[in-house]
Amino acid sequence: MGEVVKRAYKYRFYPTPEQADVLNRTFGCVRLVYNRALVERTRVYANERRSMTYVQSSAALTEWKKSEELAFLNEVSSVPLQQALRHLQAAFGAFFAKRARYPRFKSKRKSRPSAEYTRSAFRWRDGRLTLAKMTQPLNIVWSRPLPDGAQPSTVTVSRDGVGRWFISLLVEDPTVQSLPPSDQAVGIDAGITSLVTLSTGKKITNPRHERADRRRLAKAQRDLCRKEKGSNNRAKARLRVARVHARIADRRRDHLHKLTTRLVRKNQTVVIEDLNVRTMLQNHSLARAISDAAWSELRGMLEYKAQWYGRTVITVDRWFPSSKLCSACGALQQSLPLSVRQWTCPCGAVHDRDINAARNILAAGLAER
């Protein structure tokens, strides 16, 4: 039997006014500590040409708490503040490994407020969760059961733009086990009209959740623009815009979860293209449709679910000419504009552009194994 998978279970909860106050202050302190540590690390490197470690950042946090200016940091649990420093350390690690950009500041308006608690900062007893600095357990809506005997190792509290509160419990989940080996393999070509095209010839239609709610979103945004800045009516209008965005994101995420789970369960090997989504978003004609398709989220789900269930995800180089290559004879077309959705190879093979690309992606991925 393999290693037990750690899995996060996310639920909504409804805090009391006192709990909401503690959590909101914690969110603010977490953001302040993260940003201040980022400033300090950047300053140390710019002036002294040396890297600042997590231990040094933690020592600096201790000094900040002793100052009169930042004494309020002592009013919230110290664990989320330490976790913020660990997240910053991980962000710098990803930057130096060239997996991510230089860490950015957490914005009060744009970043999602969250706080992470480890075992020393919460009490879990008989299915009731009480966080540090609180006297009452959280009122959690258990929309699905946790695995039998689950003991959370980490708890993350967050609040979205609509004001909904969420709790994420990281637990060991023995129910997630490797699936029986399969001889099935599939190549995936991501698109806009069809969200994905499979090498089997099947096309999954793109639901275009953002387009479906575009009129509602536009009306909510127009109403927001008409409201006076700083007014209560503007705050209400901003909330209506956030609700539309949340509805779009929830429906998109639900669809991607169902699709990726189906693909991973059915196929032993899934081959995808290594798309440079960030560069593609610079095309202003397609940026909105590309964002709505959420290709990066699709890939992320495929990768972690494949790891859960003992499957393999292979990525093909983004410069591989999957669309221009004939999957029958291997001939390469010199030019194939995006407007051409079907083409005929000199060998006589008639190709649907997307199906042909998916078949080539599969063949290239299997050749790399």
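The values are calculated or read from the model by the stated rules, or taken from the named source; none is laboratory data. Since we're looking at a predicted model, the values are computed, not measured. Please note: Cβ atoms are built from the backbone with ideal geometry, for glycine as well, and neighbour counts cover all protein chains shown.
Descriptive notes on the structure:
- Only residues that are in contact with a strand residue (DSSP E or B) (Cβ under 7 Å, 6 or more places away or on another chain) and either within 19 Å of residue 105 (Cβ to Cβ) or not assigned by TED's automatic domain parsing to the domain that holds residue 105 (or both) were counted across segment 9-57, and they come to 3.
- Residues (modelled with pLDDT of 95 or more and more than 16 Å from the chain's Cα centre (by Cα)) located in segment 144-156: 152, 153, 154, 155
- Checklist (1) out of contact with any Cys (no Cβ under 9 Å at 6 or more places or on another chain); (2) exposed (fewer than 15 other Cβ atoms within 10 Å of the Cβ); (3) modelled with pLDDT of 95 or more applied to residue 72, failing item: (1)
- Among residues of segment 230-251 that are on the phi < 0 side of the Ramachandran plot, those with a beta-carbon under 6 Å from a residue that is part of a helix (DSSP H, G or I) and of a type outside the set (A, V, I, L, M, F, W, C) at least six positions away or on a different chain give the pairs 237/223; 241/221; 244/216; 248/209; 248/210; 251/209.
- Failed item, numbered, when residue 228 is tested on (1) in a helix (DSSP H, G or I); (2) touching a helix residue (DSSP H, G or I) at 6+ places or on another chain (Cβ under 8 Å); (3) not hydroxyl-bearing (Ser, Thr, Tyr): (1)
- In this entry, residue 95 passes the filter for residues that are aromatic (Phe, Trp, Tyr), surrounded by 13 or more Cβ atoms within 10 Å (Cβ to Cβ) and modelled with pLDDT under 95.
- Within segment 38-48, not a single residue is in contact with an Asp or Glu (Cβ under 8 Å, 6 or more places away or on another chain), surrounded by 11 or more Cβ atoms within 10 Å (Cβ to Cβ) and in contact (Cβ under 8 Å) with a residue 40 or more places away in the chain.
- Residues that are farther than 16 Å from residue 155 by Cα, at pLDDT below 95 and not in a helix (DSSP H, G or I) within segment 1-45 comprise 1, 2, 3, 4, 5, listed in sequence order.
- Those strands (runs of 3 or more DSSP E) lying entirely in segment 99-155 with at least 1 residues small (Gly, Ala, Ser), surrounded by 11 or more Cβ atoms within 10 Å (Cβ to Cβ) and in the same structural domain as residue 77 (by TED's automatic domain parsing): 114-118
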